[in-house]
Amino acid sequence: MKNITALILTFHTPENIILDCLNSIDKDIKVLIVENSETFVHKDKILSKFDNVEILCTGKNLGYGGGNNFGINTVKTDYILILNPDVVCGENFFANLSNVIEENKDFTIIGCQYLQDKIFMPAGFFDNKENEEFTKCFKNDEINDLAKVDWVTGCSMLLNLNKFDNKEIFDENFFLYFEEFDLCKSLKKKGGKVYSSKKLKIHHLGFKSSFEENSNHRKSINRLREWHWMWSSFYFYKKNFSYLYALRKILGKLFKSALKVIFYSLLLNQEEKEKYKYRFLGILNSILNRPSSFRDNI
């Protein structure tokens, strides 16, 4: 337990969300909160309540990959448990975590699984046929306690730093989305071992990591998500397969988004129009090899 650091990347995360996350972490685990801005407003309260927590601020929003790299570069332990702040670790999570490490020391990444959600897959394969077979087995609870996979989701995953050449682990060209898929893809090419563990269960609230639900920033956050989901999709396929492959995968979505902007403009549906407008712009900028620079004052 002394050789594990839980790394939690926050960005104006609501107090109740981060407290729920911290309360689910074993008190013997070192915790590093990296706030992706200039100030962590809950600092005094959290430091007074948790002796095992350290807090660092990046100074600006570096995105998921940049923020996690910032934290990873300060960590002294061999293992890092990356947790989104809207994750709550299940009962016996950390007792199981120690056992999983002891039994499987040659791993590169071990991903966690969800306590209840069986709609969103926590792991899978890049090959469609292989992924379909795994998904079927997973939903029927027919996989091993530790299943070898191609990718795991980034909301909760254990990294073995002994298996990395340096601590710049994530590609910082991504700002939001696809960073963990890209990391897993690059590791698989190098012979890295990626697993999903049934013994490591978490509850993931989803989309609760930044700002309050009724925040004035909600529209900007939605724009950011739509733009970067599309930008990162194209960049992931371009980087890991080819530019032409990425075009084949994404070009239809570009045209669909453009048509939906026109359609919802005629219906005077501003919310849907804006959603597809930012999807269109994200794809277009990625196709034109422009960086993931859209921030919308966030």
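Details
- Among Ile101, Ile109, the order by Cβ neighbours within 10 angstrom, fewest to most, reads Ile101, Ile109.
- Calculated over the chain, the projected area of the Cα convex hull averaged across directions stands at 15.9 nm².
- Under 14 Å, Cα to Cα: Lys pairs in the range 218-287, sequence gap 8 or more or different chains: 13
- Cα gyration tensor category, rounded, prolate or oblate, for the range 218-287 with a/c compared to 1.5: oblate
- For Thr5, the residues 5 or more places off, or on other chains, whose built amide H falls under 5 Å of its own are Tyr79, Ile80, Leu81.
- Checking the Cα-Cα distances for Lys60/Lys201; Lys129/Lys190; Lys49/Lys76 against a 29 Å cut-off, the pairs over it are Lys60/Lys201.
- Loop-located chymotrypsin sites (Phe, Trp or Tyr not before Pro) across the range 129-174 with a Cβ neighbour count of 12 or fewer within 10 Å are lacking, with loop assigned by DSSP.
- Anisotropy class of the range 1-73 from Cα gyration tensor, a/c 1.5 cut: oblate
- Restricting the range 82-179 to GluC sites (Glu not before Pro) in coil, as DSSP defines it, with at most 15 other Cβ within 10 Å: Glu91, Glu142, Glu168
- Once backbone amide H atoms are built at 1.01 Å from N, Asp150 has Gly124, Phe125, Phe126 as its partners under 5 Å, excluding neighbours fewer than 5 places away on the same chain.
- Relative exposure of Arg223, Arg295, Arg290, judged by other C-beta atoms within 10 Å (fewest first): Arg290, Arg295, Arg223
- ³J(HN,Hα) computed for each position of the range 259-276 - Karplus, 6.51 cos²θ - 1.76 cosθ + 1.60, integer Hz, glycine/proline x: 5, 6, 4, 5, 4, 6, 5, 5, 7, 6, 9, 5, 5, 5, 4, 5, 4, 6
- Restricting the trypsin sites (Lys or Arg not before Pro) of the range 37-130 to loop positions (DSSP other than H, G, I, E, B) with no more than 16 neighbouring Cβ atoms within 10 Å leaves Lys60, Lys76, Lys105, Lys118.
- Set of aspartates and glutamates near Lys199 by C-alpha distance (under 17 Å), chain-local residues within fewer than 8 positions excluded: Asp26, Glu91, Glu102, Glu103, Asp117, Asp141, Glu142, Asp145
No value in this document is a laboratory result; all are computed from the given coordinates. The model shown is predicted, which means the values in this text are computed figures rather than measured ones. Note that we place each Cβ from the backbone using ideal geometry, even for glycine, and neighbour counts take in every protein chain shown.
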